[in-house]
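Asks: Let me give you the structure first, and then I'll get to my questions.
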Amino acid sequence: MKNNDSEEVDKRKIVKKNGCSFPPGLFQILASFSFISVIIIYLTINSFCNYSGSPANFFTIAVYSIISLSVIFFYFKVSKINPTDPLVNKFKTSKKDKEILEASNPFYCSECQSRVQERSRHCSDCNRCVEVFDHHCIWVNNCIGKRNYRYFLLLLFTLTIHILYQGSHTIFCLIFNATQQSKKSFILAYKYDITILAYIFLSLDLIVSVVVGIFLIHLDLIHIMLLKKGITSNEYLESLQEENDKELNGEVISNR
């Protein structure tokens, strides 16, 4: 019994406060690396354009920098905020009351050994109950709940704007340079005689921007739909599961 108790205590000690808790997640590292790579790609593409160094170029870089900083800020906010249900640790129960509360109180978490709010759910990844649980986001290494959902939406929207802006800039560079009569339409590319490679690089960036942009827009629309319905992603999936179970039960009854 002592070993079981010690294992239970050890398990409860491993509770992730937020996405900034050590160690960082693999997908969190991948997301950071990918975003930095995207910025480097933008600056590389910008150097290919014939208008680099002009006032218009400085303006586009300034706008891009503002959008990029916004993405970083909202990413940090989503990751840093602790979305744990405030009732956890406020209403901890003893072992004697645990079985009674589990049977009588529907809003009781046996993992946290505490009362929780109606829309809270326990996250196995973070080992805690999250207030108005939406989902666990591997990219920010944190759960999305009531406290950080608005920042998650802002992150999603600004990230969509970011990738669409980059894709639009790539299209502009392709069209702008293609209409130039001079071989120096790609300044950097002309110096090293890699004009064809520059076009290939721009085309690949455009394809990636379109694919990622479509995915992000789809995700934006899903969350706008959920906002209108006033439900979370988790509640939406639960409702779909309930409908699926009803259909299966109906088929079983009809077959009988």
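The values are calculated or read from the model by the stated rules, or taken from the named source; none is laboratory data. Because the structure is a prediction, the values reported are computed rather than measured. FYI the Cβ positions are ideal-geometry reconstructions off the backbone, even for glycines, and counts take in every protein chain you see.
Asks: Could you give me the residue pairs with C-beta distances under 7 Å whose first residue belongs to segment 231-245 and is within 19 Å of residue 132 (Cβ to Cβ), whose second residue is part of a loop (DSSP other than H, G, I, E, B) and of a type outside the set (A, V, I, L, M) wherever it lies, and which are 6+ apart or on separate chains?
Replies: These pairs meet every condition: 232/133; 232/134; 233/134; 234/133; 234/134.
Asks: Hey, among 214, 231, 224, which residue is modelled with pLDDT of 90 or more and in a loop (DSSP other than H, G, I, E, B)? Break it down into steps so the answer makes sense when it comes.
Replies: Values: 214 fails: in a loop (DSSP other than H, G, I, E, B); 224 fails: in a loop (DSSP other than H, G, I, E, B).
Criteria check complete, one pass: 231.
Asks: Which condition does residue 101 not pass, out of (1) within 30 Å of residue 196 (Cβ to Cβ); (2) part of a helix (DSSP H, G or I); (3) at pLDDT below 70; (4) not β-branched (Val, Ile, Thr), if it passes all the others?
Replies: So the condition that residue 101 fails would be (1).
Asks: Quick one: what pairs do we get from segment 128-144, first residue more than 14 Å from residue 29 (Cβ to Cβ), second assigned to a loop (DSSP other than H, G, I, E, B) and of a type in the set (Val, Ile, Thr), C-beta under 7 Å, 6+ apart or different chains?
Replies: The qualifying pairs are 128/15; 128/88; 129/88; 129/116; 132/232; 133/232; 134/232.
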